[in-house]
């Protein structure tokens, strides 16, 4: 148990699935289902699913209690986006704003989203700014 209030003390597991599994999951996960319903899915379908996912669900079954509210959600596709700026970067009080992180790039939430993609450039940015003073 974490230290957050019960309503916030939850875990979200995002699992990448291969293209071959997308159709399978779309077939039996048309809407959110309780994880208990996974046991009732036809064994032939389970054999088609990536074994690592089936094993993960088995581990969850072994550790969960009866009152746990654990659900499987339909698959979704997350497409990163980049916000392109016009010729000039935005300004605030006549000072140029150098956008980093989510202000210009939304990546994959599993890898730190936009900011994580820019941390590699922060040191270089600081050095460049320091040269101007």
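Read-outs throughout are calculated quantities, based only on the coordinates presented, and are distinct from any laboratory measurement. Values in this document were obtained by computation on a predicted structure and should not be read as measured data. So basically every Cβ, Gly included, is an ideal-geometry build from the backbone, and we count neighbours across all protein chains shown.
Below are the figures for this structure:
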read-out: Residue-span extension gain [residue 5 to residue 98] - 0.36 nm each, minus C-alpha spacing; value: 29.8 nm
read-out: Sequence of 61, 133, 38 once ranked by neighbouring C-beta atoms within 10 Å, starting from the fewest; value: 133, 61, 38
read-out: Residues 131, 64, 46 arranged by fewest to most Cβ contacts within 10 Å; value: 131, 64, 46
read-out: Full-extension gain in nm, residue 133 to residue 67, via 0.36 nm per residue minus C-alpha separation; value: 17.7 nm
read-out: Burial ordering of 125, 29, fewest other beta-carbon atoms within 10 Å first; value: 125, 29
read-out: Fully extended contour minus Cα-Cα distance, from residue 55 to residue 77, at 0.36 nm per residue; value: 5.7 nm
